[in-house]
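**Q** Here's a structure for you.
The values are calculated or read from the model by the stated rules, or taken from the named source; none is laboratory data. Remember, predicted model here, so these are calculated numbers, not experimental data. Reconstructed Cβ throughout: ideal geometry from the backbone, glycine too, with neighbour counts over all protein chains shown. The accessibility values were calculated without ligands, DNA or RNA, using every heavy atom of the protein model including side chains. Shrake-Rupley method; radii C 1.70, N 1.55, O 1.52, S 1.80 Å.
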Amino acid sequence: MKKIIILLFMTVISLSFFAATEIVVHYHRYDNSYEGWNLWVWGEGANGKAYEFTADDEYGKTARINIPDDFSRAGVIVRLREWEDKDVAEDRYINIEDGKAEIFLLQGVKEVYLYEPDVTPRIFFAGAVSRNQINAYMTNAFDTKDWHGKVSVYADEVEKQVEVVEKVVQTDLSITNFIKIKLEEPLTDEEITGKVEVMIEGFSPSTVIMMGILDEFYYEGDLGAIYSEDETVFRVWSPVSKFVNLKLYENWDDENPYMVTEMKRIESGVWESTVYGDMEGKYYLYEYDSYGEKKTGVDPYSKAVAKNSLKSAIIDLKKTNPENWELDEGIDFGEPEDAIIYEVHIADLTGLENSGVEKKATYLGMVELGTKGPGDVTTGLDHITELGVTHVHILPMFDFYTGDEANRDFEDYYNWGYDPYLFMCPEGRYSSDPFTPETRINEAKRMVGGFHENGINVIMDVVFPHTYGVGELSAFDLAVPYYYYKIAKSGAHVNESGCGNTMASHRPMMRKFITDAVKYWVEEYHFDGFRFDQMGFMDFETMMKIDEELSAIKPYILLYGEGWGDPVAADYWGYPDGEEKGFNLVNRLVKAAVIGTDIGAFNDDIRDAIRGSVFDVVTKGFVMDSLSKVKKIKSGLTGSIDFSKTEKGFTDDPAQSINYAACHDNHTLWDKNRLAASLDSNFPWDDEMLINAQKLAGAILMTSQGVAFLHGGQDFCRTKYFDGNSYNSPISVNGFDYSRKAEFIDVFNYYKGLIELRKNLSAFRLKTDDEIRNRLEILGNKNRKVVSFVIDAPQEDPYDQILVVYNGNNESAETEIPQGKWNVIADSEKAGIDTLYSIDGGIIRIPATSAFVMVR
């Protein structure tokens, strides 16, 4: 008997050991261009892996994939090289039986076929750009001069007469695969919500997606759930839906609604339903019927949600207000140049044990007072107030998609939050109770209020250029498929963001949503500014509207963002802007476009000048003896204005330059310098010199014109253990380790002194480019790695002149300073507003890797 049991046990073990899933993927591209395309495949709940196509057949390419485990479902993405593009933006899934599956995929088609599909030429994407014009992009070319009798359009099976067929892009030949079809009679509202099809001889037919045509359905009023004790009004914008149902639920985890109400279509494609009685505490979803499909999702305008955003919640926002909330307000700190920004993540600031914070990694933990760490150093909010900054910049804290909000183990799961799902609701993971919608809202407000009570303004990091996913993973795509996103000619979601999609901020209802969202955070939560992730993908007009509307609410609002991206983008599916162009040009707020605006852009020039390339750890910056970075240091210290013939920048106002050496992206400043030092075969760097480099970086930032920005922990040599992309690394990597503050307390005190110095001397916070040119003089130096400048101080300062010297050499250096007596208020050891000692002008020697600030 014992032998039989052992044999059975060994059989089970061996079967488990050899369990595997075999998937055969056939892939066809109409353009026959397969170079660089490969597969990313994962078993459900498991990590993914890249696989190459290894065989050819008449259909196209084939890959035979073996996953070393037994799965009933697997995901598959067809991608170009290392995520340069996706064939289809949405993830596709394969059902597996008995450990095997065979599927067929078509270029640009999201369906997964279990048999070889028809590869007849097809229309990749057809979109109505106006009531009279449909554009169509096809797999093969079509002769626009020979269209009669070959092109038809049907609306709910009734033919619409075609006036003419032309090429979309005027520089194309008449034989082209991108055509526009003009109708004799415009599409009606009823037809827009029905099924419109394009049929072209020799091509598979295609459903017409409503694109630019929807721009005329602009709605100015309030959207979402509008609550009062007597009734709740629900409004959602979905002009393409044939009907919309409101589903109401008693509890957040109920599978079935207790009531389903058919909503009424009112004006501009908005659906409305009024439910009488007090609906507080109930939950809801919308069910849409569009393009022949029924889909259910949360409200894009959700102000409150259940755990993991499974349902939208109905609450009384007034009950979420902390005591005396109507009296809370930010600090009118002055002009943007007066800001000193400190970037933190909610979990990072308090998440480690040595933070001494009771409510770790929470909204409330952010504003606990009296907390101490190793060596009795201040931690959390006390750390920030002791440092003296004016603003705290909080990484995304709106509702993001990944992770379980009830999982409070940040070692098990951590996320920066750049995977947005709902933009008007706080993330539940930082709440003490993610199951109760009101709790996260109340605690987020208490966090903002806590900072305000301690003299600190609060900036929210917002991510409008993309969402976590599209299709069923996007509340926007469920409500109005495709409209809210940039769509390529082929119908694929454009992926400029590197996150699978790019939102079309220039579309009127997307612009309205973004503006409504930021206004809501200011008015309801009292935020004092916004940092725009991937701002260079957002259109100029939307950003100007945001600035105008927010400045009217809070004149000292602070707005800035990442200016990376192409300055102009083409939109082939927007409302036609002129018959001859064939596409719309969208101007975007890239770094070079901030001129003339009140919006700042991260200054990567001064960043790379201080630390060296963020993409190459070997490349050193000015603070580690790099001569090549001197020119950019000189430009950066002027606020990157057009200062002279040799020092030119991208701004016409210093407020447009956000000066930084590190942020959450890439290596911390300490890690970058340490890596560069370890790879430097020409000089033996030690910790003391790296500490000096850390101090010099801070001195440059605090004495340069523009807006000063610090990565949280830069003031105590923060390390992430050389993790250059810690977006999902555990809290043990990302958290503020306050033992380092105790270890590098001299660095912290130095930064603290620099901040005091900057706040007390307006000479480092000049407000216009003319004033900078008139007051600031860059001095000449025989030693080319020494940068020095003199500022004629404004009248409100206690000094007439201020002299600053940066020595980027890894050894002491001589430099000549103007004659006369100078009082030193910052040197290589200390910084502040008190005189340390005096020196006489002429030739002086500056210690290696250091800065001096002198006044008289």
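**Q** Scanning for something under 30 Å from ILE691 (Cα atoms) and under 21 Å from the mean Cα position of the chain (by Cα), does the stretch 563-582 turn up at least one residue?
**A** Within the stretch 563-582, not a single residue is under 30 Å from ILE691 (Cα atoms) and under 21 Å from the mean Cα position of the chain (by Cα).
So that you can scan it fast, the table gives a plain yes or no per residue for (1) of a type in the set (A, V, I, L, M); (2) modelled with pLDDT of 95 or more; (3) open to solvent by 20 Å² or more (accessible area, probe 1.4 Å); (4) not in a strand (DSSP E or B):
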site	(1), (2), (3), (4)
PHE527	no, yes, no, yes
GLU541	no, yes, yes, yes
LEU550	yes, yes, no, yes
TYR575	no, no, yes, yes
GLU580	no, no, yes, yes
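**Q** Examine the stretch 504-519 for a residue that is in contact with a strand residue (DSSP E or B) (Cβ under 8 Å, 6 or more places away or on another chain), part of a strand (DSSP E or B) and open to solvent by less than 10 Å² (accessible area, probe 1.4 Å), and state whether such a residue exists.
**A** no
**Q** Among the residues that make up the stretch 260-277, is at least one of them open to solvent by 30 Å² or more (accessible area, probe 1.4 Å), assigned to a loop (DSSP other than H, G, I, E, B) and β-branched (Val, Ile, Thr)?
**A** Yes; the residues of the stretch 260-277 include at least one that is open to solvent by 30 Å² or more (accessible area, probe 1.4 Å), assigned to a loop (DSSP other than H, G, I, E, B) and β-branched (Val, Ile, Thr).
**Q** Right, here's the next one. I need the strands (runs of 3 or more DSSP E) fully contained in the stretch 52-104, keeping only those with at least 2 residues that are out of contact with any Pro (no Cβ under 8 Å at 6 or more places or on another chain) and of a type in the set (Lys, Arg). Break it down stepwise before answering.
**A** On the way: elements: 61-67, 73-80, 92-95.
Answer list for the stretch 52-104: 61-67, 73-80.
**Q** May I ask you to list the residues in the stretch 635-651 that are surrounded by 20 or more Cβ atoms within 10 Å (Cβ to Cβ) and within 17 Å of VAL787 (Cβ to Cβ)?
**A** Once the filter is applied, which keeps residues that are surrounded by 20 or more Cβ atoms within 10 Å (Cβ to Cβ) and within 17 Å of VAL787 (Cβ to Cβ), the stretch 635-651 yields SER635, GLY636, LEU637, THR638, GLY639, SER640, ILE641, PHE643, GLY649.
**Q** Collect the residues in the stretch 680-719 that are closer than 30 Å to ARG773 by Cα and hydroxyl-bearing (Ser, Thr, Tyr), keeping them in residue-number order.
**A** THR703, SER704
**Q** Here's a follow-up. Within the stretch 815-836, work out how many residues are over 18 Å from ALA699 (Cα atoms) and open to solvent by 60 Å² or more (accessible area, probe 1.4 Å).
**A** Total satisfying the criteria: 3.
**Q** Please pick out the residue among HIS466, HIS393, HIS383 that is outside any helix (DSSP H, G or I), touching a Ser or Thr at 6+ places or on another chain (Cβ under 9 Å) and either open to solvent by less than 10 Å² (accessible area, probe 1.4 Å) or among the aromatic types (Phe, Trp, Tyr) (or both). Let's see the steps before the verdict.
**A** Numbers: HIS393 fails: touching a Ser or Thr at 6+ places or on another chain (Cβ under 9 Å); HIS383 fails: outside any helix (DSSP H, G or I).
That would be HIS466, the only listed residue that is outside any helix (DSSP H, G or I), touching a Ser or Thr at 6+ places or on another chain (Cβ under 9 Å) and either open to solvent by less than 10 Å² (accessible area, probe 1.4 Å) or among the aromatic types (Phe, Trp, Tyr) (or both).
**Q** Starting from residues that are within 24 Å of THR651 (Cα to Cα), hydroxyl-bearing (Ser, Thr, Tyr) and touching a residue at least 40 places away in the same chain (Cβ under 8 Å), keep the ones in the stretch 756-814 and report whichever is least open to solvent (accessible area, probe 1.4 Å).
**A** TYR806
**Q** With open to solvent by 10 Å² or more (accessible area, probe 1.4 Å), of a type outside the set (A, V, I, L, M) and within 30 Å of ASP404 (Cβ to Cβ) as the only criterion, which of ASN734, ASN725 stands out?
**A** ASN725
Residues are listed down the side, and each one gets a yes or a no for (1) at pLDDT below 95; (2) over 24 Å from the mean Cα position of the chain (by Cα):
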{"position": "VAL367", "(1), (2)": "no, yes"}
{"position": "HIS383", "(1), (2)": "no, yes"}
{"position": "THR402", "(1), (2)": "yes, no"}
{"position": "PHE410", "(1), (2)": "no, no"}
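To keep it simple, each residue is scored yes or no on (1) free of Cβ contacts under 8 Å to residues at least 60 places away in the same chain; (2) not small (Gly, Ala, Ser).
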{"position": "ALA517", "(1), (2)": "no, no"}
{"position": "PHE532", "(1), (2)": "no, yes"}
{"position": "MET538", "(1), (2)": "no, yes"}
{"position": "MET543", "(1), (2)": "yes, yes"}
{"position": "GLU548", "(1), (2)": "yes, yes"}
{"position": "LYS554", "(1), (2)": "no, yes"}
{"position": "VAL586", "(1), (2)": "no, yes"}
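**Q** Run ARG740 past the list (1) surrounded by fewer than 18 Cβ atoms within 10 Å (Cβ to Cβ); (2) within 26 Å of HIS664 (Cβ to Cβ); (3) without any contact (Cβ under 8 Å) to a residue 60 or more places away in the chain and report the number of the one that doesn't hold.
**A** Against the list (1) surrounded by fewer than 18 Cβ atoms within 10 Å (Cβ to Cβ); (2) within 26 Å of HIS664 (Cβ to Cβ); (3) without any contact (Cβ under 8 Å) to a residue 60 or more places away in the chain, ARG740 comes up short only on (1).
**Q** Also, I was wondering about something else. Determine whether GLU216 is surrounded by fewer than 22 Cβ atoms within 10 Å (Cβ to Cβ), closer than 30 Å to SER152 by Cβ and under 33 Å from the mean Cα position of the chain (by Cα).
**A** Details: surrounded by fewer than 22 Cβ atoms within 10 Å (Cβ to Cβ): yes; closer than 30 Å to SER152 by Cβ: yes; under 33 Å from the mean Cα position of the chain (by Cα): yes.
Yes: the conditions hold for GLU216.
**Q** Here is a further query. Report yes if PHE722 is in a strand (DSSP E or B) and under 27 Å from the mean Cα position of the chain (by Cα), otherwise no.
**A** Details: in a strand (DSSP E or B): no; under 27 Å from the mean Cα position of the chain (by Cα): yes.
It is false that PHE722 is in a strand (DSSP E or B) and under 27 Å from the mean Cα position of the chain (by Cα).
**Q** Here's something else I'd like to know. Taking the stretch 140-152, which residues are crowded, with 16+ Cβ neighbours inside 10 Å and either outside any strand (DSSP E or B) or in contact with a Ser or Thr (Cβ under 9 Å, 6 or more places away or on another chain) (or both)? Before you say what the answer is, go through the steps one by one.
**A** If we filter the stretch 140-152 for residues that are crowded, with 16+ Cβ neighbours inside 10 Å, which is where we start, we get 142, 144, 147, 151-152.
Those that are crowded, with 16+ Cβ neighbours inside 10 Å and either outside any strand (DSSP E or B) or in contact with a Ser or Thr (Cβ under 9 Å, 6 or more places away or on another chain) (or both): PHE142, THR144, TRP147.
**Q** Within the stretch 188-228, considering only strands (runs of 3 or more DSSP E) that don't extend past its boundaries, which have at least 3 residues that are within 26 Å of ALA517 (Cβ to Cβ)?
**A** It comes to 224-227.
**Q** Of all residues in the stretch 412-431, which are under 18 Å from THR467 (Cβ atoms) and either open to solvent by 10 Å² or more (accessible area, probe 1.4 Å) or under 14 Å from the mean Cα position of the chain (by Cα) (or both)?
**A** If the condition is that a residue be under 18 Å from THR467 (Cβ atoms) and either open to solvent by 10 Å² or more (accessible area, probe 1.4 Å) or under 14 Å from the mean Cα position of the chain (by Cα) (or both), then ASN415, TRP416, GLY417, TYR418, ASP419, PRO420, TYR421, LEU422, PHE423 are the ones that fit.
**Q** Which is part of a loop (DSSP other than H, G, I, E, B), open to solvent by 30 Å² or more (accessible area, probe 1.4 Å) and of a type outside the set (D, E, K, R), of ASN354, ASN407? So that I can check it myself, show each step before the final result.
**A** Working: ASN354 fails: part of a loop (DSSP other than H, G, I, E, B).
When all the criteria are applied, what remains is ASN407.
**Q** Is it the case that some residue within the stretch 432-452 is on the phi > 0 side of the Ramachandran plot, over 17 Å from the mean Cα position of the chain (by Cα) and touching a residue at least 60 places away in the same chain (Cβ under 8 Å)?
**A** Looking through the stretch 432-452, none of the residues is on the phi > 0 side of the Ramachandran plot, over 17 Å from the mean Cα position of the chain (by Cα) and touching a residue at least 60 places away in the same chain (Cβ under 8 Å).
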